[in-house]
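To keep things clear, I will list the structure first and then write my remarks on it.
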Amino acid sequence: MSISSWLATDGQTTQKKTLVVGGVVLLFVISIAMVSYAFSGYLKTSTLLKGSSSKPASTPVPRPSAAAVKVPVVNIAYYDAKNFDLKFASNIGGNWALASVDSEGKVGQDTSLVVDKNGKMHIAYYDASDSNLKYATNASVSGSWETTVVDSVGNVGWYPSIALDEYNKVYIAYADNTNKDLKFATNASGSWVMSVVDKGVSTLDVPGRYISLALDKNVKAHVGYQFLSGGRIGSLRYATNSSGVWVTSILDRESYSGFGVSVKTDALGKVHISYYGKNKPKYINNVSGKWVGSLVDSGPTAGIGIVGFNTSLALDVNNIPYVCFTGGASIVNYQLKCLSMVSGRWQSLTTIGQGKVGKYNSLAIDDKNNLYVSYYDEVKRTLEFASNASGSWATTTVDSESPVGTWTSLAMSYNYVVPPTPPVPYGPYVPSTLPLPYGPYVPPTPPLPYGSNNPATPTPPLPYGPYVPLPYTGR
């Protein structure tokens, strides 16, 4: 089957005159330097204290020492199904450190993580207990995790995807399962504002599954998602507010397309999307000005029915795409597979695991084109991690508190470390040429023996001579 048979030729564009917040700048006047949030239970909106500016002042990033070495740091948000918590893992110190971000009810499904330019974390996720969209960050001065309810009207927050602008303002695309809407939320104006991106035509339509959001350099939003027509026939759709209003297009109309969507934008603002379509991983971009797609893997084990509902896409410094996905011969034997495009062709990089490995994968790439991917091992029921940063692929278990590690989302940050100066080794012995403080050592001269003509040595008195008796003279 040719690629053109599953690509929408004209994009079938529909305009929706909907309030657009992303990209619209509201004017205020800064009157305070810092903003603190106080949460009692939860907040439906979070508003800046007094004022702001048209371009909020960004926090200066400390300049690293010239001798500092840039060290990649892996950060993973994920769901702990044992404790029903949102958890976070980071290897900033070289070893994995785990933390519970939110443990209020059953929270942490459908996580989405992004790191700001100051190395702070921002997570969008679904609260299954209260059916809310929630947001967590450790960007406060204290560095502790703070959570906010972004949207609580109806059953909202499914499949959230988060992005930040250069001022660390937050943008989230997500599903409203009550009204069957694809929605968009941002705090760019200082408080959370929601808008509708796409709506279904019938009550059985479900726009907004497997959502992925990316911002371009102009802070325009690009959203890829699955649209279920009649509740069962899926297609890949794309929405953007680049023109000032939300415009939606059908990119792949083939049945059962649009699972596991992953969207990235390059430095030129071009859009790249990976996804599953009819049990095959696919890739599409508009680099040439029109949408062009390809099959990432067309082999017999490229994808399998119930498995493989997610793909992960990353772009290297040259905008070369890399895709990881779940593939296997059956629903009881599947692996994590990663490929990259080389000279226009997809080439395999690695296949990881045996059994049931690779669901909920999330891929990132560093500035040296090393790959980092988190995923779930369904046999061990643990959070796993793989990377080729050492020169070859290596895997490790991040969290083994089974069952844990579904809905993973991985993002990179960097730490600057000044390596210790190595001690100077001991060299060969070199005699000192410095003058001695008391002069060279001169041994004392022994005294001359008696009898010598030495004025410093007195002549001892002569000893008594031999006994000579005096003559007897009588009386």
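General remarks:
- Qualifying residue in segment 156-164 (condition: in contact with a strand residue (DSSP E or B) (Cβ under 7 Å, 6 or more places away or on another chain), of a type outside the set (A, V, I, L, M) and farther than 15 Å from SER112 by Cα): no
- Test: residue in segment 147-161 that is acidic (Asp, Glu) and either over 27 Å from ASP216 (Cα atoms) or modelled with pLDDT under 95 (or both): no
- Any hit, segment 151-158, residues being under 25 Å from ASN286 (Cα atoms) and either free of Cβ contacts under 8 Å to residues at least 60 places away in the same chain or surrounded by 17 or more Cβ atoms within 10 Å (Cβ to Cβ) (or both): no
- Residue among LYS368, LYS380 that is modelled with pLDDT of 95 or more, surrounded by fewer than 22 Cβ atoms within 10 Å (Cβ to Cβ), touching a strand residue (DSSP E or B) at 6+ places or on another chain (Cβ under 9 Å) and not hydroxyl-bearing (Ser, Thr, Tyr): LYS380
- Options VAL219, VAL223, VAL287, VAL263: the member that is part of a loop (DSSP other than H, G, I, E, B) and within 25 Å of the chain's Cα centre (by Cα): VAL219
- Residue in segment 191-198 that is assigned to a strand (DSSP E or B), of a type in the set (A, V, I, L, M, F, W, C), in contact with a Phe, Trp or Tyr (Cβ under 7 Å, 6 or more places away or on another chain) and under 29 Å from ILE92 (Cα atoms) present: no
- Test: residue in segment 182-202 that is of a type in the set (Ser, Thr, Tyr), at pLDDT below 95 and within 21 Å of ALA239 (Cβ to Cβ): yes
- Segment 217-251 - residue that is within 18 Å of ASN279 (Cα to Cα) and in contact (Cβ under 8 Å) with a residue 60 or more places away in the chain and, of those, surrounded by the most Cβ atoms within 10 Å (Cβ to Cβ): TYR225
- Residue in segment 197-207 that is of a type in the set (Asp, Glu) and in contact with a Pro (Cβ under 6 Å, 6 or more places away or on another chain) present: yes
The values are calculated or read from the model by the stated rules, or taken from the named source; none is laboratory data. Note that the coordinates shown come from a computational prediction; the quantities given were computed from them, not determined experimentally. With ideal geometry, Cβ positions are generated from the backbone for all residues, glycine too; neighbour counts draw on all protein chains shown.
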